[in-house]
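The values are calculated or read from the model by the stated rules, or taken from the named source; none is laboratory data. Keep in mind the model is a prediction, meaning the values are calculated, not measured. Please note: Cβ atoms are built from the backbone with ideal geometry, for glycine as well, and neighbour counts cover all protein chains shown.
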Amino acid sequence: MVYDGVLLGLIVGLFRGGWRQGLIRFSQIRLIAGWMFPVLLLVQFIIFYAQEKWAWLAAINGYLFMGVYVVGLIFLWLNRHHKGFKLIIMGVLMNFIVMAVNGGRMPVSLSASEVLGPYYTDMLKSGSVISKHYMMDASTRLSLLGDIIPLSKPYPRTQVISIGDVVMNFGMFLFIQSIMVVKRTKDKQQETNPRHA
């Protein structure tokens, strides 16, 4: 879901900030320990695909995903001074909390997941979904923070998301806008008062 906020922020930023200037500003994003983000994504992909081959990895994948979240929260905290990052931290923390109290896995509403089709719901019911998700039931804690929001047409990507995902993506959208869209007054000041080496 985080990709949706990035993509939407990028598209809107290009229209608001101009294609050329918007792309230049986007390419100039600098984050503390910025290498953490792609590494964490890579680790999640490795866990996701490798757990199908090794049963022992599938058995502890919840703890591994929780570790990824902890490192991710450290990365976000280091960059909290950026606009939107406090919202991103709140969203990630919501997802982290609901996963932490449910054995390291994200509970998914069966009724909400119907938008994904019978193949996914059948796997969810049988418990054969080998990932960080599982079917929400009576024993689920903090179910309100689980994946309970279904998205389908006209939304371009069918999926089920959490309240934390919404908050996180809104923060990501605000961050990208703050980078790509600079106020006209600021641009004017830079043009009239260029810096001399």
Subject >> Matching residues, the stretch 96-127, being out of contact with any helix residue (DSSP H, G or I) (no Cβ under 8 Å at 6 or more places or on another chain) and in a loop (DSSP other than H, G, I, E, B) >> reply: Val101, Asn102, Ser111, Gly117, Gly127
Original post:
How many residues are modelled with pLDDT of 50 or more and assigned to a loop (DSSP other than H, G, I, E, B) when one looks only at the stretch 153-197?
Top reply: 13
Original post:
Within the stretch 128-145, is even one residue modelled with pLDDT under 95, assigned to a strand (DSSP E or B) and under 14 Å from the mean Cα position of the chain (by Cα)?
Top reply: no
Original post:
Hey, any hits in the stretch 42-53 for a residue that's within 26 Å of Met136 (Cβ to Cβ), of a type in the set (Ser, Thr, Tyr) and touching a residue at least 24 places away in the same chain (Cβ under 8 Å)?
Top reply: no
**OP:** Check Val92, Val6 and return the single one that is under 16 Å from Arg105 (Cα atoms) and of a type in the set (A, V, I, L, M, F, W, C).
**Re:** Val92
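Residue-wise test of (1) surrounded by 16 or more Cβ atoms within 10 Å (Cβ to Cβ); (2) of a type in the set (S, T, N, Q).
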residue	(1), (2)
Gln21	no, yes
Ala50	no, no
Tyr69	yes, no
Asn79	yes, yes
Lys83	no, no
Subject >> Test: Phe26 is within 18 Å of the chain's Cα centre (by Cα) and in a helix (DSSP H, G or I) >> reply: no
Subject >> Odd one out for Gly84 among (1) on the phi < 0 side of the Ramachandran plot; (2) in contact with a Phe, Trp or Tyr (Cβ under 7 Å, 6 or more places away or on another chain) >> reply: (1)
Original post:
Pick from Val12, Val43: which is at pLDDT 80 or above, surrounded by 15 or more Cβ atoms within 10 Å (Cβ to Cβ), among the aliphatic types (A, V, I, L, M) and closer than 21 Å to Leu174 by Cβ?
Top reply: Val12
**OP:** Could you tell me whether any residue of the stretch 145-153 is among the β-branched types (Val, Ile, Thr) and out of contact with any helix residue (DSSP H, G or I) (no Cβ under 7 Å at 6 or more places or on another chain)?
**Re:** no
